[in-house]
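The values are calculated or read from the model by the stated rules, or taken from the named source; none is laboratory data. Bear in mind the structure is a predicted one, so any value in this text is a computation, not a measurement. Methodologically, a virtual Cβ is constructed for each residue, glycine included, from the backbone with ideal geometry; neighbour enumeration extends over all protein chains shown. In case anyone asks, the SASA skips ligands and DNA or RNA and just uses the protein heavy atoms, side chains included. Shrake-Rupley method; radii C 1.70, N 1.55, O 1.52, S 1.80 Å.
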Amino acid sequence: MLEYVIRRSGLALVILLLAVTLLFAMIHMMPGDPASILLGPKASPELKAALNQRMGLDQPLLVQLARFYADLAQGDLGTDVFSNRPVLEMVLEQLPYTIVLVLAAIGGASLVGIPLGCYSAIRHNSLLDRLVGVMSVAFIAIPSFVIALYLLLLLSVKWRWFPAMGAGDSGDIVDQARHLVLPALALGLGWVGYIARLVRTSMLEVMEENHIRTARAFGLSERTIIVHYALRIAVLPTVTILGLGIGTMLSGALFAEIVFSRPGIGKLLHEGVLTRNYPVVMGSVLMTTAFFVLCTLISDVINAMLDPRVRDGESS
Amino acid sequence: MVVETPLNSRRFNRRVFLRGTTLAGLSLAGAIPGISWAVRNNQLHIRNYTDVSSLDPPFMISGAEGVIANAIYQSLLQFRSDGTWNTQLDAAEYFAEIDATHYAFRLRPGQMFSNGFGELTADDVKFSLERAIDPTLNALNAEDMGPFSHVEVQDRYSGTIVLHSPYAAFVPVAIAGGTAAIMSRKAVSAAGGRFGTEPPCCSGPYLFREWRAQRKTVLERNPDWSGPAVAFDEIHVYAMSDVKASETAFEAGQLDCAEISVESTAHFRKNMPPDSKLKIYPSGRNYWLGMNQSNPALQDIRVRQAIQWGVDVNAVVEAAWFGLAQPSTGPVPAGMLGHRPSSHVPPAGDPARAKALLVEAGISLPLRLRLDVNNDALELTAVQVIQWSLKKIGIEVDIRAQDNGTFLSIGREDAGDQWQDIQLFFQSFVGGADPYYSLVWFVSEQMGRWNWERFSNEEFDLLNDKAIATTVQVERDTFYRRMQDIMEDSGCYRFVTNGVMPQIIRNTIQPAFQPDGYALLRDFQPTKGEV
């Protein structure tokens, strides 16, 4: 198992470096410079030159990249020349909001989707199964921004049950949870249907397998068979998908952060790209990619822990 | 009996997994700093269009920062809240122009900096103004100070500001505009000579309490403030880049005042929340259709003039600004020195005359031109109407929308060769408190920087120099009007509008804005009898 984790971690690091290098090149190929965008006509050639020098933009791209990695090795993501703040501090300030949002969305979707899918499989072709099927497709088909807007209009503007913006009071978990409900719902609702469909299909397959029949022959209760034998196998593809889903969720988080005026790495990244604030963009991209790679790694490890065939197959 | 197999091992199961992730999520949630939400107790909750990058006056880069700075700092002068660019005394009890390069000031005694940094003195004024042009600091707003040289301190409260050469925009742009806000020498030195989003001291009617990145800035009443009384115990300024989000937050009762998009005004007129009102303020933004006269397709002035006469500005303003804005007569907006009462080409244009100009120029129709525009809903609507207008005179326009960062580079010589290819472009920027800032970007020296039209006129350049070197207002007014005449006669510009800034406001609030739409927080008051 340890060997498996080490091998996967190495691969994750390579993916991270590759992704960041590619993004570095793409970001610097974009036309526009931060001084002109943020300062407008005030950006005199002298000021632009000074800013470019401070940001290291006067150096060849490869030198910039080498410097970025050298600084990164020392835990330095650079300084935002406009606010004069360390980028690492800015990113770490925002990242928890996004992580909480994504985990709340994916956790909520799993908590609802997995039991729904499981129940649909057990009672397949029942009225509830059909209803879940229709609802799942509907949730998947409706874009999350539509869901977000309607949630806002209904639950926030009309009924004022939940706040429309912000992230809640520090130290007040209840207040933070209230602020989290709408963005997490907007982000995760589509996933409820997706997970339910996935679990249902897997469960139907697993329930037909020999070991389930054997368990039944041993006289185990249906509940034990489903929870301990069937679901455990059926949930494997879902765990993989959830790991990858984090990436999709991170993109969606940007939208949720803007619509709900919620702080987060997506918002920071978005504004960084619009203003060509390269250190902030690179810092945000690095952290987001690292988070995504980490989630994928965790899902791989969970898969391997749940199913020895995964790690055995990998070893062989 | 349950047989122990790898499949039902207790070392790792669903419950352990869920328990772990839930705990991890809660731990992260607990680690997050936050804000208090809409507890209205003599508080003002207002939207700012972007987050704060720096509250250090020479380094403030957006109007959003100016909104906060105006409430927490003092300058020698500040703008009145009467919708004009007129100034009034702030920290100074006396301010006068001695001659074109000298200004005398005397501070009101007894004005204190917060955090124990003592009384405001003339030395602090000297420090603050000279710091803005300190070459070692390389301040982003150094250009605002123009030819400022130094401050001579006479005594604890008095001094003389000295300029190298006359600079008519000095008072509105440098002194009242925020770059020369007075900071404590001791406080800034203690902060290491420069600071970011956490000011080491304040002296305005409100004090800085906290800044939360991407969220809000909280201000509180300054108990030591000796100036005109302010209304609120706290002001919460929310950083909300998305205008639609701020509209929703207002409807949800979380904001007391928010700028809304022009297209939402109709919605709010029909469905105004019961305790609210809609007000339309000027924006001070200058929108125009620019023509690159060095591009082969537009070198003939008759073609450019045909475009000027072909564009129906009334239709553009009606469609994009829903009739809320007025056609403009030039970059200098109404109410500002140098504003022209009318343009040479009437807003409606004249398609027949436009066609005649094209025939006279020997252009074979249809003429195909490209129009670059910022990827903004309002501006895209505007250019679509321009496209429709020009189609009527035989000009086919291809619209190319680009993100703001890319768009801002298309006319610049240091950003590649594309400046040669641009033909038409829809451009806008916010001017300043002085007409100088509306027109200086079109001088010959700016060609390839902000003058994308490649417009060059000797008389225009000369008038620009003369207008900034005199403080005789009548003369300046004449110069700036003439400069806009020259711009329009060059055929390089079709002026569109100066825009509007619609605001929704609680009935309990009496807001105050500068003529460019930025909030003057210190002058926000409760409506009579509401507090």
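When each of B:Gly411, B:Gly362, B:Gly394, B:Gly405 is tested for being in contact with a Pro (Cβ under 8 Å, 6 or more places away or on another chain) and either in contact (Cβ under 8 Å) with a residue 24 or more places away in the chain or surrounded by fewer than 16 Cβ atoms within 10 Å (Cβ to Cβ) (or both), the lone residue that passes is B:Gly394.
Screening B:Met272, B:Met291 for residues that are in contact with a strand residue (DSSP E or B) (Cβ under 7 Å, 6 or more places away or on another chain), open to solvent by less than 30 Å² (accessible area, probe 1.4 Å) and not charged (D, E, K, R) leaves exactly one candidate, B:Met291. Looking at the stretch B:513-525, is at least one residue modelled with pLDDT under 95, assigned to a strand (DSSP E or B) and open to solvent by 30 Å² or more (accessible area, probe 1.4 Å)? Yes, some residue in the stretch B:513-525 is modelled with pLDDT under 95, assigned to a strand (DSSP E or B) and open to solvent by 30 Å² or more (accessible area, probe 1.4 Å).
Return the residues of the stretch B:414-427 that are open to solvent by less than 20 Å² (accessible area, probe 1.4 Å) and within 14 Å of another protein chain (Cβ to nearest Cβ); say none if nothing qualifies.
Step one: list which residues in the stretch B:414-427 are open to solvent by less than 20 Å² (accessible area, probe 1.4 Å), which gives B:422, B:424-427.
Selection gives B:Ile422, B:Gln427.
Against the condition of a type in the set (Asp, Glu), more than 24 Å from the chain's Cα centre (by Cα) and within 14 Å of chain B (Cβ to nearest Cβ), how does A:Asp129 come out, does it pass? Judged against the criteria, A:Asp129 is not a match.
Yes/no per residue for (1) part of a strand (DSSP E or B); (2) at negative phi:
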site: B:Glu445; (1), (2): no, yes
site: B:Arg449; (1), (2): no, yes
site: B:Arg454; (1), (2): no, no
site: B:Ala467; (1), (2): no, yes
site: B:Val474; (1), (2): no, yes
site: B:Val496; (1), (2): yes, yes
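Of the helices (runs of 4 or more DSSP H) that lie entirely inside the stretch A:142-217, those containing 1 or more residues that are more than 12 Å from chain B (Cβ to nearest Cβ) and within 25 Å of B:Thr248 (Cα to Cα) span A:144-151, A:173-207. Selection of the stretch A:218-228 for residues being open to solvent by 20 Å² or more (accessible area, probe 1.4 Å) and part of a helix (DSSP H, G or I) yields A:Glu222, A:Arg223, A:Thr224, A:Val227, A:His228.
Residue under question is A:Leu242, and the condition is that it be open to solvent by less than 40 Å² (accessible area, probe 1.4 Å) and modelled with pLDDT under 85; does it hold? I'd like the intermediate steps shown before the answer.
On the way: open to solvent by less than 40 Å² (accessible area, probe 1.4 Å): yes; modelled with pLDDT under 85: yes.
Spelling it out, A:Leu242 is indeed open to solvent by less than 40 Å² (accessible area, probe 1.4 Å) and modelled with pLDDT under 85.
Can you give me the number of residues within the stretch B:216-235 that are closer than 28 Å to B:Pro273 by Cβ and surrounded by fewer than 24 Cβ atoms within 10 Å (Cβ to Cβ)? Reasoning before the result, please.
Within the stretch B:216-235, the first condition is being closer than 28 Å to B:Pro273 by Cβ, and the residues that meet it are B:216-221, B:230-235.
Filter again for surrounded by fewer than 24 Cβ atoms within 10 Å (Cβ to Cβ), leaving B:218, B:220-221, B:230-231, B:233-234.
Here the count works out to 7.
When the stretch B:476-494 is filtered for residues that are farther than 21 Å from B:Val345 by Cα and in a loop (DSSP other than H, G, I, E, B), nothing remains.
Looking at the structure I just gave you, is A:Ser110 open to solvent by less than 50 Å² (accessible area, probe 1.4 Å), facing chain B (nearest Cβ under 10 Å) and not in a helix (DSSP H, G or I)? Taking the combined requirement at face value, the residue does not satisfy it.
Sort out which residues of the stretch A:14-35 are free of Cβ contacts under 8 Å to residues at least 60 places away in the same chain and within 21 Å of the chain's Cα centre (by Cα), and write them in order of number.
We begin by selecting, within the stretch A:14-35, every residue free of Cβ contacts under 8 Å to residues at least 60 places away in the same chain; these are A:14, A:17-18, A:21-22, A:25-26, A:29, A:31, A:35.
Scanning the stretch A:14-35 gives A:Val14, A:Leu17, A:Leu18, A:Thr21, A:Leu22.
The residue that is nearest to B:Lys392 (Cα to Cα), counting only those in the stretch B:281-328 that are within 26 Å of the chain's Cα centre (by Cα) and among the aromatic types (Phe, Trp, Tyr), is B:Trp288. Against the criterion of being surrounded by fewer than 23 Cβ atoms within 10 Å (Cβ to Cβ), among the small types (Gly, Ala, Ser), closer than 24 Å to A:Ala186 by Cα and assigned by TED's automatic domain parsing to the domain that holds A:Ile233, A:Ala105 does not qualify.
Here is a check on your reading of the model: is B:Trp419 within 23 Å of the chain's Cα centre (by Cα) and either outside the structural domain of B:Asn41 (by TED's automatic domain parsing) or part of a loop (DSSP other than H, G, I, E, B) (or both)? It is false that B:Trp419 is within 23 Å of the chain's Cα centre (by Cα) and either outside the structural domain of B:Asn41 (by TED's automatic domain parsing) or part of a loop (DSSP other than H, G, I, E, B) (or both). The condition of being of a type in the set (Lys, Arg) and either closer than 27 Å to B:Met240 by Cβ or surrounded by 17 or more Cβ atoms within 10 Å (Cβ to Cβ) (or both) holds for only one of B:Arg156, B:Arg209, that being B:Arg209. For the stretch A:8-62, residues that are closer than 15 Å to B:Ile61 by Cα and among the basic types (Lys, Arg) total 2. When the stretch B:168-212 is examined, which residues are found to be closer than 15 Å to B:Ile68 by Cβ, among the aliphatic types (A, V, I, L, M) and under 21 Å from the mean Cα position of the chain (by Cα)? Within the stretch B:168-212, B:Ala181 is the sole residue that qualifies. Filtered by the rule that a residue be among the charged types (D, E, K, R) and open to solvent by 10 Å² or more (accessible area, probe 1.4 Å), the stretch B:476-487 gives B:Asp477, B:Arg481, B:Arg482, B:Asp485. Looking only at the stretch A:71-88, residues that are open to solvent by 20 Å² or more (accessible area, probe 1.4 Å) and within 9 Å of another protein chain (Cβ to nearest Cβ) come to 2 in all.
So which of A:Phe68, A:Phe24 is open to solvent by less than 20 Å² (accessible area, probe 1.4 Å) and modelled with pLDDT of 80 or more? Working first, answer last.
Numbers: A:Phe68 fails: open to solvent by less than 20 Å² (accessible area, probe 1.4 Å).
Checking each option against the conditions leaves just A:Phe24.
The set of residues in the stretch B:344-359 that are part of a loop (DSSP other than H, G, I, E, B) and surrounded by fewer than 20 Cβ atoms within 10 Å (Cβ to Cβ) comprises B:His344, B:Pro346, B:Ala348, B:Asp350. Does A:Leu149 meet the test of being of a type outside the set (S, T, N, Q) and open to solvent by less than 20 Å² (accessible area, probe 1.4 Å)? Here the answer is no, as A:Leu149 does not meet what is asked.
Kindly establish whether A:Val100 is open to solvent by less than 40 Å² (accessible area, probe 1.4 Å), assigned to a helix (DSSP H, G or I), within 29 Å of A:Glu222 (Cβ to Cβ) and not small (Gly, Ala, Ser). So A:Val100 fails the test.
From the list B:Leu163, B:Leu140, B:Leu120, the one residue that fits, being touching a residue at least 40 places away in the same chain (Cβ under 8 Å) and closer than 12 Å to B:Tyr103 by Cα, is B:Leu163.
Checking the stretch B:154-177 against the condition returns no match, with no residue being modelled with pLDDT under 95, touching a helix residue (DSSP H, G or I) at 6+ places or on another chain (Cβ under 8 Å) and on the phi > 0 side of the Ramachandran plot.
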